[in-house]
Every structure is written in C-alpha cells, then in structure tokens.
There are 2 protein chains.
Amino acid sequence: MNPPSSKRRRATGRATLQDVALAAGVSPITASRALRGERSVAAELVQRVTAAVAQLGYVPDPAARALASSRSNQVVVLIPLLSNALFVDLLDAAQRTLLAAGYQSLIGVTHYHPEEEEALLRTYLMNRPAGLLVTGFDRTEAARALIHGSGVPCVHVMENRGEPGLYSVGFSQQAAGHAMTAELMRRGYRRIAFAAAQLDPRTLQRAQGYREALGAAHDPALEFMDAAPSSFALGAAMFERVLNTVPDVDAIFFNNDDLAQGALLQALRLGIRVPERVAVTGFNDLTGGGQMLPPLSTVRTPRGEIGLEAARMLVALMRNEAVAEPCLDLGFELVLRESC
Amino acid sequence: MNPPSSKRRRATGRATLQDVALAAGVSPITASRALRGERSVAAELVQRVTAAVAQLGYVPDPAARALASSRSNQVVVLIPLLSNALFVDLLDAAQRTLLAAGYQSLIGVTHYHPEEEEALLRTYLMNRPAGLLVTGFDRTEAARALIHGSGVPCVHVMENRGEPGLYSVGFSQQAAGHAMTAELMRRGYRRIAFAAAQLDPRTLQRAQGYREALGAAHDPALEFMDAAPSSFALGAAMFERVLNTVPDVDAIFFNNDDLAQGALLQALRLGIRVPERVAVTGFNDLTGGGQMLPPLSTVRTPRGEIGLEAARMLVALMRNEAVAEPCLDLGFELVLRESC
DNA sequence: CTGAAAGCGCTTACAG
DNA sequence: CTGAAAGCGCTTACAG
C-alpha cells in the first residue's frame, strides 16, 4: 500500500478518485458516493467533490468500478440479424436510450440460432453486464438458466409473455397476423395465401393468426413456408410459386415487406396486375413500401418504440425502480395503401 | 490480504485464478501466463493449468484483467449510420472477425456528425479499448488528438490515406466515381448528371471522380447535391428534378443505390423508359438492385471484405504483429446490368 | 452523514 | 522458465 504521503497521479497519468478526494478534502469513499449521486452525502461535500472532479478532469475507470462492485455499466443486446432493418431500428432506439442513461451496449447477433445465442450469452455474461435485452422467448434451456442464474435484469423484446418475473415489450404477432387477414376478408378476398420465410417463432405466430382469422375457410394448400431468409428475390420466386400452385388465389399475405416488395416487382415483370388479379400485403412497413407500384399495404410494427420502451424498462430494473407494466404491449397498425 | 491458508471460491462463487493455480500446483502468475499463451511456460505446467481450468470451469474476469493491465478486450467500432446497409455489412463482418479473435465490439453510431463521434470517442476511450475501428478520415482535431493520445491501435475503413502511421482498409471512392462515369461515356452518353445525397466526404470524393472523368465535358448544371439522407423517396424526387431541370440529360449517376432504386421506381410510375430515355446507375450494389425494372447498373463496393480485413489488421496491431500493407486498397467492381 | 480497512481478480515489473 | 510482492482504481461491508 502507498503511504498516504506518496499519493500521486495514477500510472497512466489520469487523475484517480484519490486525487479527487484529496483535492476536495474528503475521504475516497465519500468522493465515490458523491460521484454516484448517493444521497447521504452532505450537499457541501458533494459540491467540493464536483469541483475537484471538474478541476482535475477526472473520469472514473469502468474496469475498477466493475471489479469492485461486480457489475459493469454495459448492457448486452441480443438480436437475430443485423441485415433486417426491423432489428436495426430496434437496436438504434435501444442503444440511444441506454447511452443517454449512462449505459453502453454490447451487441450480439444470433443469426436466429439458439446455440449461437447461448454462446454469446456465455461470453458476454463474463463481463457482468448491468442488464440484458433479448429478442423473443425462443431459446435453449441452458440460455434460460444462464440468464436466470446470472441475476442480471432482463427485458424481452418483440413478443409478450405474461409470466410473473418476466419483463417484455412487444406486441401480439398473432393478433397482427389475424388483423391483416381479417381486413383482406372484409375486402372480399376469399382465397388468401400466406407466404413466409425464415420461419422464426414470430413468423409462426403470425401464421397462427392468419389461420385463426380464416377459421373454417382455412386451406393448408394456401400456406407457403420457406425457411430461407427473406429477400426480394425470394419474394419474387414465392409470388410465382403461389400463382402457379393455386391458380384461384386472390390475395397473398407475405410475412415480411422484403418478400412483398420482391413480389410486387415480379408482378410488374410478369405483367400481373396488383391488386386486380391478386392482392399483395406485407408485414413490418419497412422503408420503400410506399414507393412501390402499387404502394404496398402492410402492418406497421412499432420496433422503434419497442427499443425505446424496453431500454427504459431495463434502466428502471437496473436502478431497482418499480416497473409499472412488466408486460408492455405496444400494438401495431394496418397501413392500407393500394396493393390490396 | 488473505493468509494463503484461507483461500476460497471468490465471493461470487466463480473460480478464480488462485483456485486454478492451487489446483494446478503452480503460482497464480504462472497460471496467468499459461492461460494467455505466453511462451516461456513449461509445456507440462501449461497442461496442468489447462486441466485445472477445465475442471473448475474457470472463466477469467475481464474487469480484473482490464484493471491490472490497463487494457480491455473490447474494440470500439465507429460507423456513421446503422440505417445504411453498407455499414451494417461492414460491421457484421468486422464484428464476426473480432469475436473469433477474442475481442468484443463496442459500437458507436456517429450519424455523420464529427461532434458526435468525438463524444463517443471520449466516452468509449474511458474503457481503455484494445483497438479502434473508425470510418474515414473526416473528424474533429480533438477526436484526432484523442485517438492519437490514447495510444490505442486504430484502423480507418472505407477510404485510404497513405500517411505514415495511419492504417486503413478501403478503396478509392474517387476512382470508383471516375470508373462509372467513364463507362457511361464509353457507352455514348453525353449529358451525364450526378445526383447525390448526404454529402459526406466519400460522396464528395465520388463527385470529384465524376468531374475528372468528364474533363472538359463537365457541366456544373448537371450536378445535383442534396444534403438530406438518401432514400427511395429522395431518389424519386431527384429523378424528376433532374429531368425537369436538364431536359437533354441522357444518364444519371446516383451516388447511392437507395437513390437509384427510388429513381427507377419513379421512372416506372412516370412511364419514362430506362435506359432508352435516360440511363440510371447507382453506387454500392445494395440488395434489391438486381430485382429492379430494369435491373440496376451500379458499383459493387467490398464492404464485407473491408470489415474483415480491417478487423484482421487491427488484431495484428493489437498483438503487436507486423502489418504487411498498412494502406490496403480492396478496389471495387462495376456491375453492369440493364439500366444503362 | 462520514471514514479506515479490506478486497474485487487479475497482471506488471522485478528478481532469480 | 518461474515466483513473491505490489498494485491497478474503485466499492463493499462494517463502524461510529
């Protein structure tokens, strides 16, 4: 230990808490408390500490903090894909909110593989993150145990699940699938196909909503499921496949805007009129849909708000504050343009 | 200090280096060295340490490492935007490569604002990152000083600059702008407009290449620069603006595929034939271009490879290894489809 | 409301 | 090639 008389700038040249305490004429613990805004420090001392911090240009060392408190200022955010604008919007909003609250984001991309998610969790949990933001509820048992065992506050995004102890911000994928299908029925479409890619859990929930809305009218032959990732090209291919397989189809509900936009382009290429010959709708309301010919009808999903609210909820949890609504449903909105 | 006899599992229940050392019958320092793969540890001891690690399920604490060595295992990656697929591709490749090499990424979005970049740098540098990946060379003097003063290895992406001490992986934006323009000229187009958005430094470099290729034929009236972010909608608007302002235009070189795709859609809407009435080309070869009507001619930029190679270069720097080519030019490629 | 002591779990010199 | 000592810069109990 250094004798108190030999205190000096830290090896790196940066000022330490010690320096601040010395300059403020308080103990390091008091300086620490003042810095973190713990009440129970006299106002005057807080002021002296603040002044010393400013004067010395002191910045706390996150590593030292993390080591001493066994908790970092970083939040792990796990999303399936970076190549889907949906998750990028979510991420952008969450990251911005977290940063404003003093937390840094550690981003992990799972590529829709539960095993990859588990590996990322294992790696990132080593950092003792302050919080966790994960997508949906579909994960390995081990991942679930890892999350629970870590004791780190966790918010789930994109879906809701009303179990006690679970926090989530999302909307009902099934209700959204139901609503768009019902709208198509209301408009008089009778042979409504459902075309989906990726086949992740949320896609399947939308399919469930589609079936539910159709009720007795549901025909399995009208469901087209392709596990490949969605893209314009796949949408184009699926569009043709649907028309060829089910000649009397009068509407196609694509599970994603990428697919639907690709289908619209293919219809143009083929000279097939939308919505006269066949209606086309999408999902998510990604950018560009309104520019299509005809403009795409779709379901607007509130991913930005989800990112924002999930980050807020997580911040509350990390600060041990109460969370009013642990299962926050942000809804969705039908955007009816000209493609149906 | 604990007397050696009272060593136990750490407070959190996780095994510590001490535990590993004890189990392996070596000193903690030796265990530490064995773990980090420092040669100068006898093979047999390494083996004993490895076994102890496996047996105890030991995972090192990054915070303790960072504090003791004043260097973390995190790399800061700064990109302008998350809403541009270009940077997402770059990021994805870089992050994957870094993770495989044992580094975590701390992602910062600058929104093309040097001040935001500077603030992010200031925040993230507190973490003593092991490395830095930044976009381009356009930043505040303070940011430059921050980077240099930190002593943290830094690789610049998207552009090249041959100054000693600077590391970069990219391609010549100007040469790319030149090449596409020259190709249009070669095909007989004479009134070639240049339409750009965002107006970031790389956009301006492409404009420079465009002017250079045109030489004496260059006409400032054919340059359309809009500082708004690029989008389908803006591309559509610019397309009309160009045609209305310069009726004899016969080709439009859009600075970005978003813009060009929006223009193509607008041409369809207006019934203007591409490339017969006017040719359209884009930049970057983003997804969807090949699906357009007509398929979009564009410049393919190697952002994935840039991310990969930049990460590799940074890993070499962080390991104090030699870097063969500190100014790596990965080139570009004209993708000539039917829109010109 | 404030502080002295101890310790978080590693690694960096310094020896030998 | 290996180790004993010291310390990285904070915060957590424990007192008062």
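The values are calculated or read from the model by the stated rules, or taken from the named source; none is laboratory data. Here the structure is a predicted model, which is why all the values come from computation and not from measurement. Using ideal geometry, Cβ is built from the backbone for each residue, glycine included, and neighbour counts are taken over all protein chains shown. Side chains included, ligands, DNA and RNA excluded: accessible areas come from the protein's heavy atoms. Shrake-Rupley method; radii C 1.70, N 1.55, O 1.52, S 1.80 Å.
So the values come out like this:
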{"quantity": "Test: residue in the range A:154-170 that is part of a loop (DSSP other than H, G, I, E, B), over 30 Å from A:His218 (Cα atoms) and in contact with an Asp or Glu (Cβ under 6 Å, 6 or more places away or on another chain)", "calculated": "no"}
{"quantity": "Some residue of the range A:133-144 being facing another protein chain (nearest Cβ under 9 Å), away from DNA strand C (no atom under 16 Å from the Cβ) and in contact with a strand residue (DSSP E or B) (Cβ under 8 Å, 6 or more places away or on another chain)", "calculated": "no"}
{"quantity": "Filter result for the condition that a residue is within 13 Å of chain B (Cβ to nearest Cβ), open to solvent by less than 10 Å² (accessible area, probe 1.4 Å) and closer than 30 Å to A:Glu163 by Cβ, over A:Gly289, A:Gly307", "calculated": "A:Gly307"}
{"quantity": "Complete set of residues in the range B:94-139 that are touching a Phe, Trp or Tyr at 6+ places or on another chain (Cβ under 8 Å) and more than 21 Å from B:Leu166 (Cβ to Cβ)", "calculated": "B:Gln104, B:Leu106"}
{"quantity": "Selection status of B:Leu328, assigned to a helix (DSSP H, G or I) and either within 16 Å of the chain's Cα centre (by Cα) or surrounded by 23 or more Cβ atoms within 10 Å (Cβ to Cβ) (or both)", "calculated": "no"}
{"quantity": "The lone exception for A:Ala237 - which of (1) within 14 Å of another protein chain (Cβ to nearest Cβ); (2) of a type in the set (Gly, Ala, Ser); (3) open to solvent by less than 20 Å² (accessible area, probe 1.4 Å) it fails", "calculated": "(3)"}
{"quantity": "Some residue of the range A:312-325 being touching a strand residue (DSSP E or B) at 6+ places or on another chain (Cβ under 7 Å) and either in a loop (DSSP other than H, G, I, E, B) or surrounded by fewer than 20 Cβ atoms within 10 Å (Cβ to Cβ) (or both)", "calculated": "yes"}
{"quantity": "Odd one out for B:Phe254 among (1) within 12 Å of another protein chain (Cβ to nearest Cβ); (2) touching a Gly at 6+ places or on another chain (Cβ under 6 Å)", "calculated": "(1)"}
{"quantity": "Lone unmet requirement of (1) within 16 Å of DNA strand D (Cβ to nearest atom); (2) modelled with pLDDT of 90 or more; (3) among the acidic types (Asp, Glu) for A:Glu117", "calculated": "(1)"}
{"quantity": "Qualifying positions in the range B:217-234 - within 19 Å of B:Asn84 (Cα to Cα) and either within 14 Å of another protein chain (Cβ to nearest Cβ) or not charged (D, E, K, R) (or both)", "calculated": "B:Met225, B:Ala227, B:Ala228, B:Pro229, B:Ser230, B:Ser231, B:Phe232, B:Ala233, B:Leu234"}
{"quantity": "Tally of residues being part of a helix (DSSP H, G or I), open to solvent by 20 Å² or more (accessible area, probe 1.4 Å), touching a residue at least 40 places away in the same chain (Cβ under 8 Å) and hydrophobic (A, V, I, L, M, F, W, C) across the range B:94-127", "calculated": "1"}
{"quantity": "Leading residue by the ranking (nearest to DNA strand D (Cβ to nearest atom)) among those in the range B:94-110 that are facing chain A (nearest Cβ under 10 Å) and closer than 23 Å to B:Asp200 by Cβ", "calculated": "B:Leu106"}
{"quantity": "Checking A:Val26 against (1) more than 14 Å from DNA strand D (Cβ to nearest atom); (2) part of a loop (DSSP other than H, G, I, E, B); (3) buried (at least 21 other Cβ atoms within 10 Å of the Cβ), the condition it does not meet", "calculated": "(1)"}
{"quantity": "Qualifying residue in the range B:259-266 (condition: out of contact with any Cys (no Cβ under 7 Å at 6 or more places or on another chain), open to solvent by 30 Å² or more (accessible area, probe 1.4 Å) and either at positive phi or not in a strand (DSSP E or B) (or both))", "calculated": "no"}
{"quantity": "Pick from the range B:267-280, criterion in contact (Cβ under 8 Å) with a residue 60 or more places away in the chain and open to solvent by less than 10 Å² (accessible area, probe 1.4 Å), ranking: nearest to the other protein chains (Cβ to nearest Cβ)", "calculated": "B:Val280"}
{"quantity": "Tally of residues being at positive phi and more than 23 Å from the chain's Cα centre (by Cα) across the range A:176-228", "calculated": "2"}
{"quantity": "Cβ-Cβ under 6 Å pairs, at least 6 apart or on other chains, the range A:34-50 side under 17 Å from A:Pro60 (Cβ atoms), far side within 12 Å of DNA strand D (Cβ to nearest atom) and open to solvent by 60 Å² or more (accessible area, probe 1.4 Å)", "calculated": "A:Val41/A:Arg33"}
{"quantity": "Options B:Arg39, B:Arg48; residue that is near DNA strand D (Cβ under 8 Å from one of its atoms) and basic (Lys, Arg)", "calculated": "B:Arg39"}
{"quantity": "Pairs where the first residue, in the range B:65-79, is hydroxyl-bearing (Ser, Thr, Tyr) and the second is within 10 Å of DNA strand C (Cβ to nearest atom), C-beta under 7 Å, 6+ apart", "calculated": "B:Ser72/A:Ala63; B:Ser72/B:Pro62; B:Ser72/B:Ala66"}
{"quantity": "Criterion (modelled with pLDDT of 95 or more and not assigned by TED's automatic domain parsing to the domain that holds B:Arg191) met by exactly one of B:Ala310, B:Ala237", "calculated": "B:Ala310"}
{"quantity": "Qualifying position, being assigned to a helix (DSSP H, G or I), surrounded by fewer than 20 Cβ atoms within 10 Å (Cβ to Cβ) and facing chain B (nearest Cβ under 8 Å), among A:Ala68, A:Ala64", "calculated": "A:Ala64"}
{"quantity": "Search result, residues across the range A:120-141 that are touching a helix residue (DSSP H, G or I) at 6+ places or on another chain (Cβ under 9 Å) and over 26 Å from A:Phe171 (Cα atoms)", "calculated": "A:Arg122, A:Thr123, A:Leu125, A:Met126, A:Asn127, A:Arg128, A:Pro129"}
